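Take a look at the structure set out below.
The values are calculated or read from the model by the stated rules, or taken from the named source; none is laboratory data. Please read these numbers as outputs of a predicted model, since none were measured by experiment. Neighbour counts are summed over all protein chains in view; Cβ atoms, including those assigned to glycine, are modelled from backbone coordinates with ideal geometry. For the accessible areas, the whole protein counts, side chains as well, though only heavy atoms, and no ligand, DNA or RNA atoms are used. Shrake-Rupley method; radii C 1.70, N 1.55, O 1.52, S 1.80 Å.
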Amino acid sequence: MSNNRLIPHIVNTIATTSNNPMNKFFTYIFLAFCTFGSLHAQTSSDTLNVLDYSEKIDYEIGSVEVIGAKDRDPKAIKSIAGLKAGEKIQLPGLVIPKAVKALMQLRLFDDVQIILKNVDGNIVHLAIVLVERPTLARYSYKGVKKSKHDDLNDIVRNILNKGGIVTDAQKNLAKNKLTNYFIEKGKLDAKVTVEEIPDETKANSVRLVFDINIGERVKVEDITFEGNTEVSDRKLRKKMKNTKRKGTWFRKTKFIKEDYEEDKESIVAYYNSLGFRDARVLSDSIWREPDGDLRLHLDINEGNRYYFRNIVWKGNSLYTNDQLESVLGIAKGDPYDPELLQNRLTYSLDGRDISSLYMDDGYLFFDIQPTEVAIENDSIDIEMRIYEGPQATINEVIIRGNDRTHEHVVRRMIRTRPGKKFSRSDIIRSQREIINLGYFSPENMPINTPVNPQRGTVDIEYVLEERPSDQLELSAGYGGASGLIGTLGVTFNNFSIRNLKNRQSWSPLPQGDGQKLSLRIQSNSRFFRSYNFSFTEPWLGGKKPNSLTVGAVRSAIDYSQFGQGALKITRVFAGLGTQMRWPDDFFSRSTTLSLENIQLDEYQNSVFQIINENGQSVRISNGNFKNFSITQNFTRSSISDPLFPRRGSRVSLSIQLTPPYSLFRGNDFYLLSEDERTQLIQDENDRRGTVFPLSPEEELLVIDAEENARKFEWLEYHKWKFNSEWYFNVADKLVFMTSIKMGFLGAYDSSIGIPPFERFELGGDGLSNQNAALTGTEVIALRGYDLREINGGRPASIYDKFTVELRYPLSLNPSSTIYAKIFAQGGNAWENFSDFNPFDMNRSFGGGLRVFLPMFGLLGFDYGIGFDRNLPEGTGLGEYARFNIVLGFEPE
């Protein structure tokens, strides 16, 4: 009888339908005693005999076959099971159950069986029969937007691996994690189910579909309090910054457990600031209303209110008690506020703290411990225990991370020097100056201060992260009659002249020395072209912050083909700037010399006009005008980040003066003689022809225009501009900004008057300022209004503008700074100073977005509604609004 006639009997089987440890225990006990109870063997070719199991018998494994291992290595399976051909095995025994257990613990199989194929004397042949679990081919989501998929993938990929085995435990864990993700976002009713589907692209594999129902947003119906007598419910709700009830403006109501716990801490902190040092949230209750909304109820124990009484100083030898009390700013009888006390002792944003007093004088090891020494009724006595310690000196100043910028560019900005006494304010100021370079990320600039107490020294390490600072301007457009208009501009903010011959430093031009090179070309195919160049060396000579700026502008408009004349402007300038030490070193000044030539040839642009003695508007269309001026500018800036300032201010005053030529010339130097007038009229009539001779009124205007061309051949004026910006960090990253801008153009001699150039135009988006040289005016942006809509469309000699903004950053990444804003603005412009009225404003309101990309500079959008536009009655609201684009720079 052949071996094939033997009936295989199950040697061992482990079911996987239950993970109960007790069930497994009884299963293994059963297997230990009954494994070979039905084992049969062939003892002759014709007879099938049942083996005798009255005693344990030793066998030799003849062969082990692995069946069903499609994706697993049979050799590895045998090795893990511990069954190897040639090895001895005792039957019955525990070897087979151990082998099954080892394979099941891999969690790779739904079923494991070890069966007897046949027995030949004392040699047994075994087979390991496996049922593999399916592997994960892919997973997907239903019910959520694609924008959420990246976040969900971060959760799932930490639990499930593609190509790995899928277990029920893994699916349940992934489902719970996804559910918790949405609950933490305030979606308390979120539900996630998992569907396992055989994958059609790969055998024995599955795909998982996570069906997500985030449900409706659960709103907070109301927040109530109990036990609060000193503070109103309304005030307490206001202190809950994250958890708001329905009806709160500008804030969606939702419940997030973590934020709610933080809000409870804020309530306690607020009570502490009022002197209620023992205030606690005793308990809180949360329940759902029938409509699904939440109600929150907090039970408050306010406790007693305490006040500062006696403050005693111990251990101070450098400063007197009076000096320390003056800095502390806490008087007897003030409410006991531990947070204020800690700020005044350790670190306050305004620099008013005891630690700054010591640490700015080198006492790095200084320490102060406020200790409550007595509590009587509602009064608390504090003992300030001071350890002054020795002064620390700076050993090394280390700069890391400046991959492109040369070290001396950074080092000259910092105020911490080896050998100097340690100063915390010097470190803070150095960080600010490095940020203002614009070459490094302000969001990732740690400063390390490893201390050597034995030597009394400290190292200061500035860790920097370079970010792109060069900018490219490339644009083209078609403007109808203007034709194709193209602009190409590049600004290298970290240029290096000395590396021009060092090709290794080019990227794409030599860089690293902090110099600024700007080139800009603009032209159209018909009549317009403009060239701009400027170069700035911020540290002339390399030892002091004395800057040198030189530049040139050449612009031309030729409307001759349209019969409207031509305009050419050429300007060169040079300026010197320096940092001041008085009144403080936040001040700087600069002096700029400028020489400009404006050439008009029958230029028919209404911008260049003046009002004559008869009140008539006289256009200046011919002449060669020279503008030689000196500009003195004083600026105080304490802003720490020029791209997104959060605190500080920038205030500037500039005075632009020309020589008072009228002091050296007579009052009638520009008047025409009778012969000159006659010849002028004759030439104009010849130009116009005999059909349209000049009328007497037109003759006077022509004479006025010519005399004005003589009058303003050398422009004389004084021009004053005042700008101020203030930034306040209201909460978190929310910033409040206020701004005032004013300008005035005056004349030395009233008989000469104000020139037709250098005036102000209010309105528009300020983009025209890039081409101010073509108009001879200075454009001041006023959102919600068109350019030349204000002051009757005429350039003005005086203006003002007031702005308030709320800004919030959407990204402060080094590769892109993005923030949104809402604004309210008002401004006006007047022809004469006597008409000036700061309360007569053209108001606007709106919102905008700013995006700063290092390669392309600033890109912005504003939508403003001008409330005081002079439009016909019945005009729709949309006609009062204007959409503006900001490119390259923030307009004035």
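Sequence neighbours fewer than 8 away in the same chain don't count; with that in mind, list the aspartates and glutamates whose C-alpha is under 12 Å from K238.
Cα-Cα hits under 12 Å: D263.
Excluding residues on the same chain fewer than 8 positions from K801, give the lysines whose Cα lies under 16 Å from its Cα.
Filter leaves K721, K741.
Once you place label points 7 Å from the Cα toward the Cβ at E87 and N153, how far apart are they in nm?
Inter-label distance under the simple model: 4.4 nm.
By the scheme Lys and Arg +1, Asp and Glu -1, what is the net charge of all other residues having a beta-carbon under 12 Å from that of R72?
Net charge in that neighbourhood comes out at +1.
What whole-number value in Å² describes the accessible area per residue of the chain for a 1.4 Å probe?
52 Å²
Just to verify a number: FRET efficiency for Q504 and I885, C-beta to C-beta distance, R0 = 51 Å, to 0.05?
The pair Q504/I885 has a calculated efficiency of 0.85.
I need the calculated FRET efficiency for the pair L94 and R138, taking r as the beta carbon distance and R₀ as 51 Å, to the nearest 0.05.
Efficiency, rounded to the nearest 0.05: 0.75.
Which one, H297, S348, F308, projects farthest toward the positive side of the charge dipole computed for the stretch 263-357 from Cβ point charges (K/R +1, D/E -1)?
Of H297, S348, F308, it is F308.
Take K56, project a point 7 Å from its Cα along the Cβ direction, then tell me which residues of the stretch 95-115 have their backbone nitrogen under 16 Å from it.
Counting only backbone N, you get 95-99.
Expressed as a whole percentage, what fraction of the accessible surface of the stretch 535-651 belongs to carbon and sulfur atoms when a 1.4 Å probe is rolled over the protein heavy atoms?
It is 53 percent, rounded to a whole number.
Along the charge dipole of the chain, pointing to its positive end and built from +1/-1 on Cβ of Lys, Arg, Asp and Glu, which listed residue (L567, S590, Y462) has its Cα farthest out?
The residue sitting farthest along the positive end of the dipole is Y462.
Please work out how much length the chain gains when fully extended from V312 to N813, using 0.36 nm per residue of separation minus the C-alpha to C-alpha distance, in nm with one decimal.
Once the chain is fully extended between V312 and N813, it gains 175.6 nm.
Taking all protein chains as present, what is the carbon and sulfur share of the accessible area of the stretch 740-892, in % to the nearest whole number, probe 1.4 Å?
Accessible surface attributable to carbon and sulfur in the stretch 740-892 totals 61 percent.
Pop a pseudo-label 7 angstrom from the Cα along the beta-carbon direction at both Q105 and T738 and give the gap in nm to one decimal.
Label-label distance for Q105 and T738, simple model: 7.3 nm.
At 1.4 Å probe size, with the rest of the protein present, what percent of the exposed accessible area of the stretch 386-436 is carbon and sulfur atoms?
Whole-percent figure for carbon plus sulfur exposure: 48.
Just read off the accessible area of D334 with the full protein assembly in place, 1.4 Å probe, to the nearest 10 Å².
Roll a 1.4 Å probe over it and D334 shows about 50 Å².
Separation between the K420 and L877 pseudo-spin-labels, each 7 Å from Cα along Cα→Cβ, expressed in nm?
5.6 nm
If the chain between Q604 and I630 were fully stretched, how many nm would it gain, using 0.36 nm times the residue separation less the Cα-Cα distance?
Value of the extension gain: 6.4 nm.
Okay, helix-only estimate at 222 nm for the chain: each DSSP H run of n ≥ 4 adds -39500 (n - 2.57), divide by all residues, round to 500 deg cm²/dmol; what do you get?
-5000 deg cm²/dmol
Just to verify a number: FRET efficiency for D675 and F833, C-beta to C-beta distance, R0 = 56 Å, to 0.05?
E between D675 and F833, to the nearest 0.05, is 0.90.
If the cut-off is 17 Å between C-alpha atoms, which aspartates and glutamates fall inside it for K332, apart from same-chain ones fewer than 8 positions away?
D322, E372, E376, D378, D381, E383
What does the charge count around R571 come to, taking other residues whose C-beta lies under 14 Å from its C-beta (Lys +1, Arg +1, Asp -1, Glu -1)?
+1
So if each residue of separation counts as 0.36 nm, and I subtract the Cα-Cα distance between E376 and T224, what length gain in nm does that give?
51.4 nm
Given the chain, what percent of its DSSP beta bridges are antiparallel, to the nearest 5?
Expressed as a percentage, antiparallel bridges in the chain total about 85.
Would you kindly derive the ³J(HN,Hα) couplings of the stretch 799-804 from the backbone phi angles with the Karplus curve 6.51 cos²θ - 1.76 cosθ + 1.60 (θ = phi - 60°), listing them in order in whole Hz, with x for Gly and Pro?
8, 9, 8, 10, 9, 10
About the Cα centre, and with charges only on the beta carbon of Lys, Arg (+1) and Asp, Glu (-1), how big is the dipole of the stretch 303-362? Nearest 20 debye, please.
Magnitude of the dipole: close to 320 debye.
Amide H of T346: which non-local residues (sequence gap of 5 or more, or other chain) have their own amide H closer than 5 Å, using H built in the peptide plane?
I354, S355
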